[in-house]
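Beneath this line is the structure, given in structure tokens, with notes to follow.
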Amino acid sequence: MGKVRNPRFLGLVSVFALAFVFIGFHCLQAQVGTKAKKVKPVEPSCLPVSDPLELSHYGVQIVSGSYVADSKVYLIKYVNGAYENTWTSDPHQGSTYATSIGDVDNDGFKEITTVVNAKNTRGSPSQRYEYQKIFVYEEGSTGEPAYVSPDLGYSLNGVRDSIIADADNDFLSELVLVEDKHIEIYEWTGTGFAHLWSSPDYPYFIWSVDVGDADNDGANEVVLAPFNVGSPIVYEYLGNGEWGEPIFAESMGPFNIDQAKVRDADNDGDNEIVGGGTGNCLVIWEYNATDNTYDIDFLSKDLGGYTQGIDVGNVDGDTENEVIAGTAGDVDKIYVFKYIDTAGTYELIDSISLDAGVNGLATGDLDGDGKDEIAVGSSGISVLEYAPALKELYSLPCAGYIEVD
């Protein structure tokens, strides 16, 4: 799965990138990749779809929110031999880019959650948003939510990212939200969401969150992508409501990390942390059990733009994973890397140029053919496949913040 970024911060990111002197690890300056042939897709209408919400698909579908006022949530999946926008929520009075899909109430069925950051109409400079509320959509919805939470009270910068996952290893899903400089974890009680934990405030913004077994001990950790230090932050649940001290991975320099996902990138059966950001690189961190550290294992050449989309999946159908990176800025591209056993490192195997920068991406077997496709959030939603070169299959121009499950 995958998550997406907020373009309102791109100007701020540019200031950070220009202001910092590159120290420590940094990308090698080199021309990379070859341009694959791009196939112009037919753009379908993004008018609201009134069909009932159907989440019991064969397994993988795209959920997308938006960063505009009165935004909607869209469900895109492969049906009857084609990709379709199959459901649209009612409009919201604010942005919906923190959108997720999963069994948030632990009833055995998936739901869609989105946090609405409502536009501030009070005119107060200290309150950027009027409110933030969690909306939950269940099977059968024709656009209306099954549940709307009270105001979460995060008024300054709003909720930027979310994930439905088992953060505390109790075999139940929680809803993890990124809010400004920390995260919040909630669980469903049967009638609403109860607050479980808030991480300490970090000195800078947290950009995104993922949950997975980062240290390969059989239990999940929560991994944050922060501004300014060039490394993910890892939290581990200790039990009895207690969380460990944050572990900072090895830094690549004073850059923003936009994405940090827990995935098996090199097909060895153990997870790594795969990330990127304003350093313009794909970075892979590997857990060092001896020192209890996360060390840089791979640093790509300069990709020409901020790496705002990262995921891992078997996109070429050969049973082994590839690493996908998407950039925004001077170069708007999707890159495919593969770990080569004989070389002992990752090599770039393909790339494709896009019409706009990548807000985020995720991989999954969307059409049931046994290999993963790449869902890209950009100026809209695109679906790409690698067969045997990257090409675009589908485009929906009215949404751009994605989750694949």
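The values are calculated or read from the model by the stated rules, or taken from the named source; none is laboratory data. Nothing here was measured: the structure is a model prediction, and the numbers come from that model. Note that we place each Cβ from the backbone using ideal geometry, even for glycine, and neighbour counts take in every protein chain shown. Just so you know, the surface numbers come from the protein's heavy atoms only, side chains and all, with ligands and any DNA or RNA stripped out. Shrake-Rupley method; radii C 1.70, N 1.55, O 1.52, S 1.80 Å.
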Problem - Output for the stretch 253-279, where each listed residue is open to solvent by 30 Å² or more (accessible area, probe 1.4 Å) and on the phi > 0 side of the Ramachandran plot - result: ASN267, GLY269
Exercise for the section: Inspect all residues belonging to the stretch 385-392 and state whether any of them is in contact with a strand residue (DSSP E or B) (Cβ under 6 Å, 6 or more places away or on another chain), outside any loop (DSSP other than H, G, I, E, B), farther than 24 Å from ALA98 by Cβ and hydrophobic (A, V, I, L, M, F, W, C). Expected result: yes
Completion exercise
Taking the stretch 300-323 and keeping only residues that are surrounded by fewer than 18 Cβ atoms within 10 Å (Cβ to Cβ) and outside any loop (DSSP other than H, G, I, E, B), one is left with LYS301
Exercise for the section: Would you please name the residue that is modelled with the highest pLDDT, looking only at residues in the stretch 369-388 that are surrounded by fewer than 24 Cβ atoms within 10 Å (Cβ to Cβ) and within 23 Å of VAL73 (Cβ to Cβ)? Expected result: VAL383
Exercise for the section: With respect to TYR335, determine if the residue is outside any loop (DSSP other than H, G, I, E, B), open to solvent by 20 Å² or more (accessible area, probe 1.4 Å) and among the hydroxyl-bearing types (Ser, Thr, Tyr). Expected result: no
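Could you pull out the residue among LEU366, LEU348 that is among the hydrophobic types (A, V, I, L, M, F, W, C) and surrounded by fewer than 21 Cβ atoms within 10 Å (Cβ to Cβ)? So that I can check it myself, show each step before the final result.
Numbers: LEU366 fails: surrounded by fewer than 21 Cβ atoms within 10 Å (Cβ to Cβ).
Answer to the check: LEU348.
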Practice task
Answer yes or no as to whether ASP90 is charged (D, E, K, R) and crowded, with 18+ Cβ neighbours inside 10 Å.
Solution key: no
Problem - Output for the stretch 146-169, where each listed residue is among the hydrophobic types (A, V, I, L, M, F, W, C) and open to solvent by 40 Å² or more (accessible area, probe 1.4 Å) - result: ALA146, VAL148, LEU156
Problem - Flag for ASP350 being more than 21 Å from the chain's Cα centre (by Cα), under 23 Å from GLY370 (Cβ atoms), part of a strand (DSSP E or B) and charged (D, E, K, R) - result: yes
Practice task
Kindly check whether there is at least one residue in the stretch 138-151 that is in contact with a Phe, Trp or Tyr (Cβ under 6 Å, 6 or more places away or on another chain) and assigned to a strand (DSSP E or B).
Solution key: yes
Exercise for the section: Check off (1) without any contact (Cβ under 8 Å) to a residue 60 or more places away in the chain; (2) closer than 20 Å to ARG160 by Cβ; (3) of a type in the set (S, T, N, Q) for THR319 and give me the number that stays unchecked. Expected result: (2)
Exercise for the section: Could you tell me which residue of the stretch 114-138 is farthest from the chain's Cα centre (by Cα), considering only residues that are hydroxyl-bearing (Ser, Thr, Tyr) and modelled with pLDDT under 95? Expected result: SER124
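Just name the residue that is nearest to GLY102 (Cα to Cα) out of those in the stretch 152-168 that are in a loop (DSSP other than H, G, I, E, B) and in contact (Cβ under 8 Å) with a residue 40 or more places away in the chain.
So the residue we want is ASP166.
Please verify whether SER71 is more than 30 Å from ASP350 (Cβ to Cβ), modelled with pLDDT under 85 and not in a strand (DSSP E or B), treating the condition exactly as stated. Lay out the reasoning, then the answer.
Values: more than 30 Å from ASP350 (Cβ to Cβ): yes; modelled with pLDDT under 85: yes; not in a strand (DSSP E or B): yes.
Against the criterion (more than 30 Å from ASP350 (Cβ to Cβ), modelled with pLDDT under 85 and not in a strand (DSSP E or B)), SER71 qualifies.
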Practice task
Can you run down the residue pairs with Cβ atoms below 7 Å, 6 or more apart or on separate chains, where the first is in the stretch 325-343 and on the phi > 0 side of the Ramachandran plot and the partner is open to solvent by 10 Å² or more (accessible area, probe 1.4 Å)?
Solution key: GLY329/TYR306; GLY329/GLY357
Problem - Members of the stretch 230-246 found to be within 15 Å of LYS181 (Cα to Cα) and either free of Cβ contacts under 8 Å to residues at least 40 places away in the same chain or open to solvent by 10 Å² or more (accessible area, probe 1.4 Å) (or both), listed by number - result: ILE233, TYR235, PRO246
Fill in the blank from the handout: The strands (runs of 3 or more DSSP E) lying wholly within the stretch 173-224 that contain at least 1 residues that are open to solvent by less than 30 Å² (accessible area, probe 1.4 Å) and of a type in the set (Ser, Thr, Tyr) are 182-188, 206-212
